[in-house]
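Here is the structure we will look at.
The values are calculated or read from the model by the stated rules, or taken from the named source; none is laboratory data. Since the model is a prediction, treat every value here as computed from it, not as a measurement. Neighbour counts run over all protein chains shown; Cβ positions are idealised from the backbone, glycine included. The area values use the complete protein model at the heavy-atom level, side chains included, leaving out ligands, DNA and RNA. Shrake-Rupley method; radii C 1.70, N 1.55, O 1.52, S 1.80 Å.
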Amino acid sequence: GKFVSYFKVIFLILNFFPVVRILGVSYFTLSAYFDTGVFKYLYFVIIMSLYILIISANLLLIVIICMNRSLHEPMYIFLCSLFVNELYGSTGLFPMLLVQILSDIHTVSASFCFLQIFCVYSYVCVEFLNLAIMSYDRYLAICYPLQYNTRMTSAKVAILIGVTWLFPFLTIVILVSLSAPLQLCGNIIDKVYCGNYSVVKLACSDTRLHNIYGLIYTVISIIIPLILILYTYMKILKVCFSGSKQTRQKAVSTCTPHLASLLNFSFGCCFQILQSRFDMSSVPNMLRILLSLYFLTCQPLFTPVLYGLKMSKIRNICKRLLCGEV
């Protein structure tokens, strides 16, 4: 119906957009797609429903945090930034995924492919950095409760959020700038969406610089934030075990959703890195596709549901809103 027509129009606009001949090719073929026959409409409805659910859940919590002055605290402001990133990351994937599901020819222009690489990779970097500053915030709140307000000021919150968003954008601009001039020997990407390493593997020229920068990017955007998170949680656990029962309960209630979110996202990213770097031909095609999409589909839905249910202030406001209470 209307949704099918809408995404066909988007597909036509993208294909008639002035094509930038990056890398000596004008388009890429996404070879992981296979013929699903009439089931493509069922897949389209499922993916579309998931996307609408992600947008609705994240927007609801963003509005709740912005409209309620009682939630204008650093912890909830960082949460709001996380929800915005879930919207950003899912939008980098779902529109093109929906277009490709309906299409019989699974190609994407080179310029649009690099736009998707920019969105997906910056989403991952923002996610890890955002989780890192949230763990730092919990560390200050639990380990230094009396000094929390002087250490976590409004100016510091603004700086942390600014760095969380600007730094990934800068690093991914450099990443794309390095990959764009490469001369390619092919244009087939064995995935359902564009990935930088998938493009680099197609290069005819030397890619040592790209591999070195890729490792530096991984260390800065993933490894360092993970080390910071582990360090802060070791300190938090130390305080919890030596503190009162009330301190332990408070720590568990605020830290559990954060750790669950981190583990979920890390699992998805870990498989994605393994899939990019190693031969996964022994894994069934459908399972490979589902696991490669995991961190871009489950995390944007998992985050608002988890925090919405576990954070008592947000949960109570949601209940009042959904029940029509003022």
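Pick out the one residue from 11, 7, 28, 34 that is surrounded by 16 or more Cβ atoms within 10 Å (Cβ to Cβ) and modelled with pLDDT of 75 or more. Sole residue among the options that is surrounded by 16 or more Cβ atoms within 10 Å (Cβ to Cβ) and modelled with pLDDT of 75 or more: 28. Search the range 37-54 for residues being farther than 17 Å from residue 301 by Cβ and open to solvent by less than 60 Å² (accessible area, probe 1.4 Å), and hand back the single one that is modelled with the highest pLDDT. Residue satisfying both the conditions and the ranking: 44. Of all residues in the range 168-181, exactly one satisfies the criterion of being open to solvent by less than 10 Å² (accessible area, probe 1.4 Å) and either of a type in the set (Asp, Glu) or over 25 Å from residue 131 (Cα atoms) (or both), namely 179. Any residue in the range 260-281 that is farther than 21 Å from residue 124 by Cα, open to solvent by 70 Å² or more (accessible area, probe 1.4 Å), modelled with pLDDT under 80 and not in a helix (DSSP H, G or I)? Yes, because at least one residue in the range 260-281 is farther than 21 Å from residue 124 by Cα, open to solvent by 70 Å² or more (accessible area, probe 1.4 Å), modelled with pLDDT under 80 and not in a helix (DSSP H, G or I). Of all the criteria given as (1) over 30 Å from residue 99 (Cα atoms); (2) in contact (Cβ under 8 Å) with a residue 60 or more places away in the chain; (3) surrounded by fewer than 16 Cβ atoms within 10 Å (Cβ to Cβ); (4) of a type outside the set (Lys, Arg), the one not satisfied by residue 228 is (3).
Go over the candidates 157, 192 one by one and state the one that is under 28 Å from residue 102 (Cα atoms) and open to solvent by less than 70 Å² (accessible area, probe 1.4 Å).
Details: 157 fails: under 28 Å from residue 102 (Cα atoms).
Exactly one of 157, 192 is under 28 Å from residue 102 (Cα atoms) and open to solvent by less than 70 Å² (accessible area, probe 1.4 Å), namely 192.
Taking every residue in the range 29-52 that is within 28 Å of residue 199 (Cβ to Cβ) and in a helix (DSSP H, G or I) and pairing it with any residue that is open to solvent by 40 Å² or more (accessible area, probe 1.4 Å) and not aliphatic (A, V, I, L, M), at least 6 positions away or on another chain, the pairs with Cβ-Cβ distances below 8 Å are 44/3; 48/3.
This table checks each residue for (1) in a loop (DSSP other than H, G, I, E, B); (2) closer than 17 Å to residue 221 by Cα.
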| site | (1), (2) |
| --- | --- |
| 137 | no, no |
| 149 | no, no |
| 156 | no, no |
| 161 | no, yes |
| 168 | no, yes |
| 173 | no, yes |
| 178 | no, no |
| 186 | yes, no |
| 210 | no, yes |
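The set of residues in the range 306-315 being farther than 10 Å from residue 257 by Cα and either open to solvent by 10 Å² or more (accessible area, probe 1.4 Å) or hydroxyl-bearing (Ser, Thr, Tyr) (or both) consists of 312, 313, 315.
Taking residues in the range 58-70 that are among the β-branched types (Val, Ile, Thr), and partners anywhere that are assigned to a helix (DSSP H, G or I), the pairs with Cβ atoms closer than 6 Å and at least 6 places apart or on different chains are 62/80; 62/83; 64/317; 65/71; 65/76; 65/80.
Selection of first residues in the range 129-153 that are farther than 23 Å from residue 171 by Cα and of second residues that are in a loop (DSSP other than H, G, I, E, B), restricted to Cβ pairs under 6 Å at least 6 apart or on distinct chains, gives the following pairs, ordered by first then second residue: 140/152.
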